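The values are calculated or read from the model by the stated rules, or taken from the named source; none is laboratory data. Fair warning: this is a prediction, and the values are worked out from it, not measured in the lab. When we count neighbours, we look across all protein chains shown, and the Cβ atoms used for this are built from the backbone with ideal geometry, even at glycine. Calculation scope for accessible area: heavy atoms of the full protein, side chains included, ligands and nucleic acids excluded. Shrake-Rupley method; radii C 1.70, N 1.55, O 1.52, S 1.80 Å.
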Amino acid sequence: GLRRAGPGEDFWQYRPAASGDGARSIDWRRSARSDVQFVRDREAQTAQAAAIWLSRGQGMAFTGGPDRPTKAGFGQLLALATGMLMLRGGEKVGLLGQPARAGRLQADRLAEALALTPATGQDDDTPSPGALRPGQRVVVLSDFLADPAWVGDLLAQAAGLGVRGVLLQILDPDEARFPFDGAVEFRSLTGALRHDSRDAGGLRAAYLARLADRQGWLAAQAARAGWQFGTRQTDGDPAQALNWLWQALGQSAGQGAR
């Protein structure tokens with residue numbers, strides 16, 4: 001909404017009818033309460049440009065069991081569903097760093113880009129702050145398990161451009177709950193990081209405390225920039241994750257409008 005009268009769907013204000021207003025534009029119910037005829041103005045609206053970024057690090061390919069998707073697969077589903085909802089609402093959508101477009105064909109472009117963009121050769125990757133554009137809404141999907149320093153840089157750049165958005169952490173249940181016991185070899189998907197433990201259960205409390213600290217830091221960074229932060233697990237209902245993400249986008253847009 002542009003906070004002025006014009007083409008749109010939402011009510012903006014009543015105003016006295018003027019020369020040039022046809023009979024079909026008169027709000028007869030409101031006019032019946034007065035000696036003056038009133039026109040019901042709508043608020044002018046313009047399409048919002050939105051960008052979606054999904055981590056392509058090797059770590060997103062992890063799944064703790066065959067009964068649940070990888071983090072990348074869960075993220076792809078959420079990214080495409082979110083993009084389709086925004087396109088249905090008349091918004092312009094694209095992956096971060098690519099042109100944001102409106103229309104039905106853009107859903108096909110999003111699906112193709114999400115399916116065909118290859119994973120990086122590293123355990124993690126980061127979005128480029130230089131890809132942000134003024135006034136965008138941005139969705140960032142990642143596990144945020146590697147060094148999170150890039151988050152502060154991205155949000156600082158976003159604040160200067162009036163960009164608002166959502167950080168959504170996607171975790172496998174094993175990463176969220178650390179159910180391991182006994183002798184376990186932990187290694188990253190690339191094999192660059194390894195740790196052998198003879199008592200994995202003894203690490204659980206420290207691991208969960210560190211994860212909680214990371215999530216608290218992300219939430220604080222997001223709040224400071226006017227963004228929203230949430231976390232979801234791959235064994236959860238994708239529809240519930242999508243519902244949260246959609247509401248979070250609305251909240252971030254409302255903060256940016258004030």
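Brief remarks on what is shown
- Where strands (runs of 3 or more DSSP E) fall wholly inside region 180-246, the ranges with 3 or more residues that are open to solvent by less than 60 Å² (accessible area, probe 1.4 Å) and touching a Leu at 6+ places or on another chain (Cβ under 8 Å) are 228-233.
- Where a residue in region 85-97 is within 14 Å of L242 (Cβ to Cβ) and its partner, wherever it lies, is part of a loop (DSSP other than H, G, I, E, B) and modelled with pLDDT of 90 or more, with Cβ under 6 Å and at least six apart: none
- Residue match in region 33-54 (condition: within 23 Å of L171 (Cα to Cα), part of a loop (DSSP other than H, G, I, E, B), in contact (Cβ under 8 Å) with a residue 60 or more places away in the chain and of a type in the set (V, I, T)): no
- Considering the conditions (1) surrounded by fewer than 10 Cβ atoms within 10 Å (Cβ to Cβ); (2) among the charged types (D, E, K, R); (3) part of a loop (DSSP other than H, G, I, E, B); (4) at pLDDT 80 or above, R3 is excluded by exactly one of them, (4).
- When the criteria are applied in full, L105 fails the requirement of being over 19 Å from D172 (Cα atoms), in contact (Cβ under 8 Å) with a residue 40 or more places away in the chain, in a helix (DSSP H, G or I) and open to solvent by 50 Å² or more (accessible area, probe 1.4 Å).
- Sole exception among (1) out of contact with any Phe, Trp or Tyr (no Cβ under 8 Å at 6 or more places or on another chain); (2) free of Cβ contacts under 8 Å to residues at least 40 places away in the same chain for G162, by number: (2)
- Restricting attention to region 136-147, the residues being within 15 Å of the chain's Cα centre (by Cα) and part of a loop (DSSP other than H, G, I, E, B) number 3.
- Verdict on L110 being surrounded by 14 or more Cβ atoms within 10 Å (Cβ to Cβ), under 16 Å from the mean Cα position of the chain (by Cα) and in the same structural domain as Q215 (by the TED database): yes
- Residues being surrounded by 11 or more Cβ atoms within 10 Å (Cβ to Cβ) and not in a loop (DSSP other than H, G, I, E, B) - total across region 113-125: 2
- Every residue from region 127-149 that is free of Cβ contacts under 8 Å to residues at least 60 places away in the same chain and touching a helix residue (DSSP H, G or I) at 6+ places or on another chain (Cβ under 6 Å): P129, P134
Okay, residues lined up against (1) of a type outside the set (A, V, I, L, M, F, W, C); (2) assigned by the TED database to the domain that holds D172:
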{"position": "D21", "(1), (2)": "yes, no"}
{"position": "D35", "(1), (2)": "yes, no"}
{"position": "L54", "(1), (2)": "no, yes"}
{"position": "G57", "(1), (2)": "yes, yes"}
{"position": "A61", "(1), (2)": "no, yes"}
{"position": "G64", "(1), (2)": "yes, yes"}
{"position": "P69", "(1), (2)": "yes, yes"}
{"position": "L78", "(1), (2)": "no, yes"}
{"position": "G83", "(1), (2)": "yes, yes"}
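- Flag for Q98 being part of a loop (DSSP other than H, G, I, E, B) and either over 26 Å from A222 (Cβ atoms) or open to solvent by 60 Å² or more (accessible area, probe 1.4 Å) (or both): yes
- Qualifying residue in region 64-85 (condition: in contact with a strand residue (DSSP E or B) (Cβ under 6 Å, 6 or more places away or on another chain), assigned to a loop (DSSP other than H, G, I, E, B) and open to solvent by 30 Å² or more (accessible area, probe 1.4 Å)): no
- For region 159-177, the set of residues classified as among the hydrophobic types (A, V, I, L, M, F, W, C), outside any loop (DSSP other than H, G, I, E, B) and at pLDDT below 95 consists of A159, L161, listed by residue number.
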